[in-house]
Amino acid sequence: MPLRVLILGGTTEASALAKLVSQDTGIDATLSFAGRTANPAPQPIATRSGGFGSVDGLMRYLGEQRIEAVVDATHPFADQISAHAVVACAQVKVPLASLTRPPWKRVEGDRWRNVPDAGTAAAALGNTAHRVFLSVGRQDLRAFTAAPRPHYVARVIEMPDRLKITHLKLIQARGPFDKAAELDLLREEKIDVLVSKNAGGSATYAKIEAARELGLPVIMIARPHKPAGDVVASPEEALGWLHERAPSLRGV
Ligand code: NAP
């Protein structure tokens with residue numbers, strides 16, 4: 001019998017793992033989305049969408065679906081679902097792996113100011129920023145409604161509704177992005193400050209390289225504490241961890 005697996009997704013790594021397990025007859029996996037995006041990219045395995053209903057709901061789902069292993073491949077800033085996964089998996093004794101990308105590290109030429117959250121990032125803009133590129137995700141745009149208000153350019157995967165920010169231009173796009181395009185964007189929009197989450201990974205790093213090349217300051221939002229199970233660093237490592245949990249795949 002194939003190993004029944006739940007992948008908590010919403011990231012490039014989760015989709016890469018879905019592709020790997022789809023080619024593995026020893027694994028029967030479902031990829032779970034929070035349901036924030038109306039048209040998520042098509043996937044080669046079964047998907048489900050929407051919250052589970054906190055820890056209790058996740059425990060119920062794991063039991064009903066007879067899940068034997070969970071891989072938390074959610075975004076570094078998605079700390080709620082990871083906290084729920086750690087507690088729920090411990091309660092029902094289902095092993096949990098957490099696919100964890102390293103944060104970006106400041107290198108020579110970077111002009112970063114590290115801040116703990118989006119509210120502090122908005123406050124840190126002060127009165128000197130005129131044209132600000134926000135790469136913080138749709139949900140954190142609200143933090144930038146307070147005065148003073150420079151001109152904002154924000155890139156989002158999905159358009160937000162009911163957002164009360166004046167002087168805002170929204171650009172709808174999904175990564176990965178390359179450096180040449182990011183340089184063009186920052187130049188065309190005459191950006192003088194970039195605000196970014198420290199997401200890590202390669203898909204959205206080009207804006208950081210482009211800011212470095214243009215000598216622009218970056219207000220970098222640090223990651224929240226994200227509870228984890230067994231830490232794995234890549235989709236391939238997550239697949240190896242799953243193989244260790246599937247007796248038939250270990251040949252025993
Ligand atoms: P969050 O704060 O950790 O989670 C909030 C709630 O959303 C959770 O309690 C859970 O609801 C539900 N949820 C989150 N991820 C889920 C998943 N993969 N499957 C089913 N339910 C899920 O998460 P978030 O920061 O809002 O992020 C939501 C999703 O977007 C995540 O899947 C994440 O990987 C992706 N994402 C987030 C960011 C970011 O910057 N935060 C960036 C890119 C992608 P219940 O309690 O009802 O189970």
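Assorted remarks:
- Residue match in segment 221-243 (condition: under 26 Å from residue 168 (Cβ atoms) and in contact with a Lys or Arg (Cβ under 6 Å, 6 or more places away or on another chain)): yes
- Check on residue 170, part of a strand (DSSP E or B) and away from the ligand (no atom under 16 Å from the Cβ): yes
So that you can scan it fast, the table gives a plain yes or no per residue for (1) in contact with a Leu (Cβ under 8 Å, 6 or more places away or on another chain); (2) under 23 Å from residue 121 (Cα atoms); (3) in contact (Cβ under 8 Å) with a residue 60 or more places away in the chain; (4) of a type in the set (Val, Ile, Thr):
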residue: 163; (1), (2), (3), (4): yes, yes, no, no
residue: 169; (1), (2), (3), (4): no, yes, no, no
residue: 182; (1), (2), (3), (4): no, yes, no, no
residue: 193; (1), (2), (3), (4): yes, yes, yes, yes
residue: 198; (1), (2), (3), (4): no, yes, yes, no
residue: 214; (1), (2), (3), (4): yes, yes, no, no
residue: 230; (1), (2), (3), (4): yes, no, yes, no
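- Where residue 222 falls short, out of the listed (1) at pLDDT 95 or above; (2) more than 23 Å from residue 114 (Cβ to Cβ); (3) touching a Pro at 6+ places or on another chain (Cβ under 9 Å); (4) surrounded by fewer than 17 Cβ atoms within 10 Å (Cβ to Cβ): (2)
- Among the residues making up segment 114-152, those that are part of a helix (DSSP H, G or I), crowded, with 20+ Cβ neighbours inside 10 Å and more than 17 Å from the chain's Cα centre (by Cα) are 121, 122, 144.
- Identity of the residue in segment 1-23, part of a loop (DSSP other than H, G, I, E, B) and surrounded by fewer than 24 Cβ atoms within 10 Å (Cβ to Cβ), that ends up nearest to the ligand (Cβ to nearest atom): 10
- Considering residues of segment 225-252 that are among the β-branched types (Val, Ile, Thr) and at pLDDT 95 or above only, the residue nearest to residue 181 (Cα to Cα): 232
- Checked against (1) within 13 Å of the ligand (Cβ to nearest atom); (2) surrounded by fewer than 20 Cβ atoms within 10 Å (Cβ to Cβ); (3) not in a helix (DSSP H, G or I), residue 155 passes all but condition (2).
- Strands (runs of 3 or more DSSP E) fully within segment 24-113 that include at least 2 residues being under 14 Å from residue 229 (Cα atoms) and in contact (Cβ under 8 Å) with a residue 24 or more places away in the chain: 69-72, 96-99.
The values are calculated or read from the model by the stated rules, or taken from the named source; none is laboratory data. Keep in mind it's a predicted model, so treat the numbers as computed, not measured. Using ideal geometry, Cβ is built from the backbone for each residue, glycine included, and neighbour counts are taken over all protein chains shown.
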